[in-house]
Amino acid sequence: MRIGIVCYPTYGGSGAVATELGLALAARGHDVHFISYALPFRLRGFHERVTFHEVKIGSYPLFEHPPYALALAVMLHEVAVRERLDVLHAHYAIPHAACGWLAKQLIGDEGRLGLVTTLHGTDITLVGQDPSYHTITKFSIEQSDAVTAVSSYLRDETYRAFGCTACAIEVIPNFVSLEEFKPPAGRAAGGEKTLLHISNMRPVKRLLDVVRIFARVRAAMPARLVMVGDGPDRDAAEREVDALGVRGAVRFLGKVEDVAEVLQWADLYLLPSNSESFGLSALEALATGVPVVGASVGGLPEVVRHGVDGFLGPVGDADALAAGAVELLRDQDRWRAASTAARERAAEFSTELIVPRYEALYAAVVAG
Ligand code: GMT
């Protein structure tokens, strides 16, 4: 098939999933066209069946905010016609699903383009519910030929918030490459424990809780914290590190290209977010054999099994989450069992199991 993928290129889960999906589809023989305003951050190297189309946003002195969505719709239309796309897959509803719908209108009788939309998280739980975007988000979900959500939680939340009872949303969970994300060959037992957090450091990630959980763990055992990524809450987290007197044990690495390698350092992954529709980074940690400590809300309990491959506790309760972390790290046998279970759990979300579900969906959309 000839598949267009429109996504955000920036550091974040939806762009990561879109890119890994496109690469996996290309490896399975499809022609894949990525369309965005910059190269998606996980799209590295050369791939024979992959093409990147950069959206140019024309400026004009009148525009305080150049209309990216219009430039994107025009580019989607151009690519769809020139490359004879069968399917356009929009990742993150705003504005991609609406732009896909516009591109379809521009195509008119020139051909048929199937529009698939994948809902990822804050496009539904936060941004999409903002009155400025609610109507267009609902409309573009209803107008898509197929809609997927990355967890049952997100599907149900979409029905609840948008009331689009007519739209059948299929849950296709995120996936992970078990070859790329794998436990290190040998892990030293005992000694200093490494706790890891990776994110785009927005308020939803609760970075202060990450630091607070770590400080409590460090009071119980030798430990260090590695923070990967960047974003608006990084400064506040840096200040909390100083306030709690743990500066010597914390490293902020900034954005890292190869998160699979960094995960191999970790003994525990921290994801105490207010809500994760799925928690892709948690799945990647599990695949690396790293148990996860996080909040028992949103879609995270569909990925991490409390008491099996991690610990899930109340949002904002740093004491409870830290106690869970200490319990896991203190007992080497318990940690080893959780690590083994984590890898087994991740195998249920392998690329080989999940990507064919997207292929089947595309085929159904093309068949009409
Ligand atoms: O929705 C967001 O906050 C951004 C989004 C992204 O584009 O980075 O992340 C979401 O999509 C990921 C991939 O499907 C999920 O793993 C994340 O849980 C989800 N983030 C949230 O729900 C906060």
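The values are calculated or read from the model by the stated rules, or taken from the named source; none is laboratory data. Worth saying up front: this structure is predicted, and the values here are computed from it rather than measured. Counting neighbours? That spans all protein chains shown, and the Cβs are built from the backbone with ideal geometry, glycine included. The accessibility values were calculated without ligands, DNA or RNA, using every heavy atom of the protein model including side chains. Shrake-Rupley method; radii C 1.70, N 1.55, O 1.52, S 1.80 Å.
Within the range 102-135, if we keep just the residues that are more than 22 Å from V17 (Cα to Cα) and of a type in the set (V, I, T), the residue that is least open to solvent (accessible area, probe 1.4 Å) turns out to be I107. So P67 fits all but one of (1) open to solvent by less than 60 Å² (accessible area, probe 1.4 Å); (2) under 30 Å from V204 (Cα atoms); (3) within 24 Å of the chain's Cα centre (by Cα); what number is the exception? (3) is the only condition that P67 fails. Of everything in the range 1-60 that is away from the ligand (no atom under 16 Å from the Cβ) and among the acidic types (D, E), the residue that is least open to solvent (accessible area, probe 1.4 Å) is D31. May I ask you to list the residues in the range 285-311 that are more than 16 Å from the ligand (Cβ to nearest atom), in contact (Cβ under 8 Å) with a residue 12 or more places away in the chain and surrounded by fewer than 19 Cβ atoms within 10 Å (Cβ to Cβ)? Hits for the range 285-311 are R305, V308. Annotation for the range 218-229: no member residue is out of contact with any helix residue (DSSP H, G or I) (no Cβ under 9 Å at 6 or more places or on another chain), surrounded by fewer than 22 Cβ atoms within 10 Å (Cβ to Cβ), in a loop (DSSP other than H, G, I, E, B) and not aliphatic (A, V, I, L, M).
Inspect all residues belonging to the range 280-288 and state whether any of them is more than 22 Å from S350 (Cα to Cα) and either modelled with pLDDT of 95 or more or in the same structural domain as H120 (by TED's automatic domain parsing) (or both). Looking through the range 280-288, none of the residues is more than 22 Å from S350 (Cα to Cα) and either modelled with pLDDT of 95 or more or in the same structural domain as H120 (by TED's automatic domain parsing) (or both). If you check A168, A243, A219, A185, which single one turns out to be over 24 Å from A342 (Cβ atoms), without any contact (Cβ under 8 Å) to a residue 24 or more places away in the chain and outside the structural domain of G299 (by TED's automatic domain parsing)? Only one candidate passes the filter, namely A168.
Residue count for the range 124-151 satisfying the condition of being of a type outside the set (V, I, T), touching a helix residue (DSSP H, G or I) at 6+ places or on another chain (Cβ under 6 Å) and touching a residue at least 60 places away in the same chain (Cβ under 8 Å): 4.
Only helices (runs of 4 or more DSSP H) whose full extent lies in the range 74-154 are considered here, and none of them has at least 3 residues that are in contact with a Lys or Arg (Cβ under 9 Å, 6 or more places away or on another chain).
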